[in-house]
Amino acid sequence: MKNLGDMMKQVQAMQSRMADVQAKLDAATVTGQSGGLAHLGNATVETTASGETVSARATSIASLADRLDVSPYLTPHSDIAALLVFDHQMHAMNLLTRTAWDVRVATADKMPGLDAVVERSASMLVDYLLFVGEAPLTPGVGGSSGFANVFERDGPRDRHGRSLRQLDLRTRLLRYPCSYMIYTEAFDALPAMLREAVYRQLWRVLSGEVGGADFAHLSAADRRAIAEIIADTKPSAPEYFRRPIG
């Protein structure tokens, strides 16, 4: 058993590491141009007589090199474009995992409401894949590291050179607002009944059968382009994605 002195040294070392981490967090910075959009990425905490306040503001920072020692890091950038993509991607992965789990549990338990679970889970995924409720980026943001070019380069692209990985960054995240996460192993590994329901609901929206306020951000041109891109770049998509959309 460790003696009290050793334990205290460990506690002190841990506190020192925590203080170092906190110092880095306090200096957390977002690089790139946020346009007129205020955010907390570069916020500072101000202490006044009435307490602590945090002020969000729009920023334009090209690099972290003039703000901290960047030698321990892979890049002097904390690119706003990369952060937006990362945020979208992580939530998509969590949602794919959760909905797949819900359907598998409902199937294993032989729940009488299995069909309802599948349709509800598919609806959640389709809404997210089509960016329902996405916060507008107007008047636009700009990265600082070249991430956007590298990200878009990986395709895949349809016969017209379009890709679901093309970024917009002017009014919204993606040029064609359907998530590239449909190309992931996690999407392909969804329970078959859930994956089929996602495709079915997705097609109903893209074909114009389903509309309403939730999908008002998708123009007719957006819907047609997304369907065509999926048809050309997702071989496992159902054949009905290859039907023409007026």
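A short reminder: the numbers here are calculations on the coordinates, not readings from a lab. Keep in mind that this is a model prediction, so the values were computed, not measured. Here the Cβ is made from the backbone with ideal geometry for all residues, glycine too, and neighbour counts use every protein chain on show.
Annotations for the structure displayed:
- Gyration tensor verdict on the range 80-242 (Cα atoms; rounded if a/c is under 1.5, prolate if a/b is larger than b/c, oblate otherwise): prolate
- Highest mobility in the GNM of the chain, judged by mean-square fluctuation with C-alpha springs under 10 Å and restricted to P76, P139, P112, is found for P112.
- Distance-filtered residues of the range 165-208 - backbone nitrogen under 17 Å, label point 7 angstrom along R243 Cα→Cβ: 196-208
- Cα shape, the range 79-140, gyration tensor, a/c 1.5 rule: oblate
- Sites A192 and N149, calculated FRET efficiency, Cβ-Cβ separation with R0 41 Å, nearest 0.05: 0.65
- Three-way shape label, the range 99-193, alpha-carbon gyration tensor, a/c 1.5: prolate
- Put in order of Cβ neighbour count within 10 Å, fewest first, the listed residues L68, L206, L174 become L68, L174, L206.
- Of the DSSP H helices in the chain, those that are both long (alpha-carbon extent of 24 Å or more along the helix axis) and hydrophobic (Kyte-Doolittle mean at least -0.5) are 4-26, 80-108.
- Order of H88, H39, H160 under a 10 Å beta carbon neighbour criterion, fewest first: H160, H39, H88
- Relative packing of 213-221, 190-198, which averages over residues the other C-beta atoms within 10 Å, highest first: 190-198, 213-221
- Highest mobility in the GNM of the chain, judged by mean-square fluctuation with C-alpha springs under 10 Å and restricted to G161, G143, G133, is found for G161.
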